[in-house]
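**Q** Before we start, here is the structure in question, set down as structure tokens.
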Amino acid sequence: MARTLSAWSVTGKATTATLTALWGLVASLTGPRTAIGAAGLLLLATPVLLPWRERLPEPRPVAAEVLP
């Protein structure tokens with residue numbers, strides 16, 4: 001368990017550092033406002049990238065029995 005948590009931590013930090021450097025390169029090539037705008041558009045587009053589940057049919061209501 002400790003190895004998994006350690007690997008997760010290292011990978012997360014490395015990914016953050018890599019993406020920060022990459023986005024700094026994008027900002028230096030296009031300008032800060034453009035890079036921030038592109039990042040905002042990517043954040044708004046993330047729900048489209050999430051997996052979709054099929055909707056299950058609605059359960060039919062059960063009719064109550066009338067007692068005499």
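The values are calculated or read from the model by the stated rules, or taken from the named source; none is laboratory data. Keep in mind that this is a model prediction, so the values were computed, not measured. Cβ sites come from the backbone with ideal geometry, for glycine too, and all protein chains shown count toward neighbours. Areas reflect the complete protein model, heavy atoms only, side chains present, ligands, DNA and RNA absent. Shrake-Rupley method; radii C 1.70, N 1.55, O 1.52, S 1.80 Å.
**Q** Tilt of helix 32-49 relative to the longest C-alpha principal axis of the chain, in degrees (0 to 90, nearest 10)?
**A** 30
**Q** What number, rounded to the nearest 500 deg cm²/dmol, is the helix-based mean residue ellipticity at 222 nm of the chain, given -39500 (n - 2.57) per DSSP H run of at least four residues and division by all its residues? List each step's numbers first, then the result.
**A** Values: 2 runs with 47 residues, N = 68.
Only helices count here, giving -24500 deg cm²/dmol.
**Q** Carbon and sulfur: what percent of the chain's accessible surface (1.4 Å probe)?
**A** 70
**Q** I've got another one for you. Please identify the trypsin sites (Lys or Arg not before Pro) of segment 24-64 that satisfy two criteria: DSSP loop assignment and at most 13 other Cβ atoms within 10 Å. Which are they? Please list the in-between numbers first.
**A** Values: sites: Arg33, Arg53, Arg55; in loops: Arg53, Arg55.
For trypsin sites (Lys or Arg not before Pro) across segment 24-64 that sit outside H, G, I, E and B with at most 13 neighbouring Cβ atoms in 10 Å, the list reads Arg53, Arg55.
**Q** Please list 3J(HN,Hα) in residue order for segment 22-28, calculated via the Karplus relation 6.51 cos²θ - 1.76 cosθ + 1.60 where θ = phi - 60°; whole Hz, with x for glycine and proline.
**A** With the stated coefficients, segment 22-28 comes to 4, 6, x, 5, 4, 5, 6 Hz.
**Q** I'd like the per residue volume of the convex hull spanned by the Cα atoms of the chain, given in cubic angstrom.
**A** Numbers: hull volume 12.4 nm³, N = 68.
Looking at the chain, the number lands at 183 Å³ per residue.
**Q** For the chain, with every protein chain kept in place, what is the accessible area per residue (1.4 Å probe, Å²)? Walk me through the intermediate numbers first.
**A** Details: 7090 Å² over 68 residues.
Computed with neighbouring chains in place, this is 104 Å² per residue.
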